[in-house]
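Novice: This structure is in structure tokens; I'll ask about it shortly.
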Amino acid sequence: MCLIAFAYRRHPRYNLILVANRDEFYRRPASALSAWDEEPGLLAGRDLEQGGTWLGLHRSGRLAAVTNYRDGRSQETGLRSRGYLTRDYLLGQEPASACAAALAAKSNRFAGFNLLLGDASGLCYLSNRGRAAQQLGPGVYGLSNALLDSPWPKLLRARQALTQLLTSQDLEASELAAILADRQRPGDDLLPDTGIGLEKERALSSCFIQLPEYGTRATSVIMQDHEGNTRFYEQSFDAEGPTDIRDYRFRMPVIGGQA
């Protein structure tokens, strides 16, 4: 998962609205959003190489999403897959805030990550790159491959587009997904320097990425109203373009509890 924009308790109808792009090499095997047969209640995509997930919901009322922290200067090897962070939380029972605090003590087992955890106790953010776990209040946020709300151009564009849509009472999943279909690249003077070189910074600078071997593999939308009615929508992509759409609707406990 490489770009997430989300609004928490900022809409009259929806408690949480989240849109996310997962960017990955096309050759890396993965299954699209689905129910996991061996784990009743879990709804997520699956990385078939390591067995984890990048974004998921558990019908017991848990949400998790992860992005990597991009640092081309780091030479870390032999670390655990970040997809275990989300999978293990979704299948656990520890409250989000307690889980985030516990993870801080062992976060060096993983390469750089940003982690978003939610349940009835609230919505938490954690990174193992210089920011302690924090409980998030109502607001509109953006998360890419640096710390929460780091002002990367694509993050600012996605967050602004989501903010503008919040003025509408009725929202459609396809309308929200379109936020992250933006392929515009910013000027070089606005690009971050993450140690991968200017050419790669340019290639990865748009919300939606489509390169010969790497690109946006899925755009996901989560919408949960204040009663817990939840929709989990996902459009998948391959190197040629869009493929299938998955769309689930169900009821689960409200993230952050009843307001």
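Novice: Can you sort Lys154, Lys106 so the residue with the fewest Cβ neighbours within 10 Å comes first?
Specialist: Least crowded to most crowded, the residues run Lys106, Lys154.
Novice: Simple spin-label model, 7 Å along Cα-to-Cβ: Arg27 to Ser168 in nm?
Specialist: For Arg27 paired with Ser168, the spin-label model returns 4.0 nm.
Novice: Apply the Karplus parameterisation 6.51 cos²θ - 1.76 cosθ + 1.60, with θ equal to phi minus 60°, to every residue of the stretch 248-258 and state each ³J(HN,Hα) to the nearest whole Hz, in sequence, with x for glycine and proline.
Specialist: 10, 10, 6, 10, 8, x, 6, 4, x, x, 5
Novice: Then there is this: Ordered by residue, what ³J(HN,Hα) values in Hz, to whole numbers, does the stretch 161-168 give under the Karplus form 6.51 cos²θ - 1.76 cosθ + 1.60, where θ = phi - 60° and Gly and Pro are x?
Specialist: Residue by residue, the stretch 161-168 yields 5, 5, 4, 5, 6, 5, 6, 8 Hz.
Novice: Starting at the first residue of the stretch 180-197, write each ³J(HN,Hα) from the Karplus equation 6.51 cos²θ - 1.76 cosθ + 1.60 with θ = phi - 60°, in whole Hz, x for Gly and Pro.
Specialist: 9, 8, 5, 10, 5, 9, x, x, 4, 5, 9, 6, x, 10, 9, x, 10, x
Novice: Here's something else I'd like to know. As a test of the formula, what do you get for the chain when each DSSP H run with n ≥ 4 contributes -39,500 (n - 2.57) and the sum is divided by the residue count, at 222 nm and rounded to the nearest 500 deg cm²/dmol?
Specialist: -4500 deg cm²/dmol
Novice: If you look at just the Cα atoms of the stretch 126-187, how large are its Rg and its Dmax in Å?
Specialist: Here Rg and the maximum Cα pair distance are 13.5, 38 Å.
Novice: Show me the ranking of peptides 83-92, 134-143 by mean Cβ neighbours inside 10 Å, starting with the highest. Walk me through the numbers before you get to the answer.
Specialist: Details: 83-92: 21.3, 134-143: 16.5.
Final packing ranking: 83-92, 134-143.
Novice: Within 9 Å, Cβ to Cβ, of Ser144, how many net charges do the neighbouring residues add up to if Lys/Arg are +1 and Asp/Glu are -1? Show your work: numbers first, answer last.
Specialist: Details: positive: Arg70, Lys154; negative: none.
Summing Lys and Arg as +1 and Asp and Glu as -1 gives +2.
Novice: Something else: Rounded to a whole number, what is D in µm²/s for the chain from Stokes-Einstein with the Kirkwood radius over alpha-carbon pairs (4 °C, 1.567 mPa s)?
Specialist: Estimated via Stokes-Einstein, D reaches 71 µm²/s.
Novice: So what is the relative contact order of the stretch 49-181, in percent, for Cα pairs below 8 Å that sit 6 or more residues apart?
Specialist: The normalised contact order for the stretch 49-181 reaches 21 percent.
Novice: Net charge around Phe110, counting only other residues with Cβ within less than 11 Å of its Cβ (Lys, Arg = +1; Asp, Glu = -1)?
Specialist: So the environment of Phe110 carries a net charge of +4.
Novice: Most exposed first by the Cβ proxy, i.e. fewest other Cβ within 10 Å, how do Val66, Val254 rank?
Specialist: Arranged by neighbour count, lowest to highest, Val66, Val254 become Val254, Val66.
Novice: A follow-up question, please. Could you work out how far the C-alpha centroid of the stretch 214-246 sits from that of the stretch 10-89, in angstrom?
Specialist: Value for the Cα centre distance between the two parts: 12 Å.
Novice: If you build a Gaussian network model of the chain, linking Cα atoms that sit under 10 Å apart, which residue out of Trp36, Trp152, Trp54 swings the most?
Specialist: Among Trp36, Trp152, Trp54, the largest GNM mean-square fluctuation belongs to Trp36.
Novice: Would you order Thr243, Thr67 from fewest to most other beta-carbon atoms within 10 Å of each residue's own beta-carbon?
Specialist: Ordered by Cβ neighbours within 10 Å, fewest first: Thr243, Thr67.
Novice: State, to one decimal in nm, how far the label point of Asn229 lies from the label point of Arg183, with both points 7 Å from Cα in the Cβ direction.
Specialist: So the two model labels end up 3.6 nm from each other.
Novice: Place +1 on the Cβ of every Lys and Arg and -1 on the Cβ of every Asp and Glu in the stretch 76-220, take the dipole about the Cα centre, and give the residue among Ala146, Leu136, Leu190 whose Cα lies farthest towards its positive end.
Specialist: Toward the positive end, the furthest listed residue is Ala146.
The numbers here are math on the coordinates, done by the rules we state, and not lab data. Everything quoted here is computed from the prediction, not taken from an experiment. As a convention, Cβ positions derive from the backbone with ideal geometry for all residues, glycine included, and neighbour counts pool all protein chains shown.
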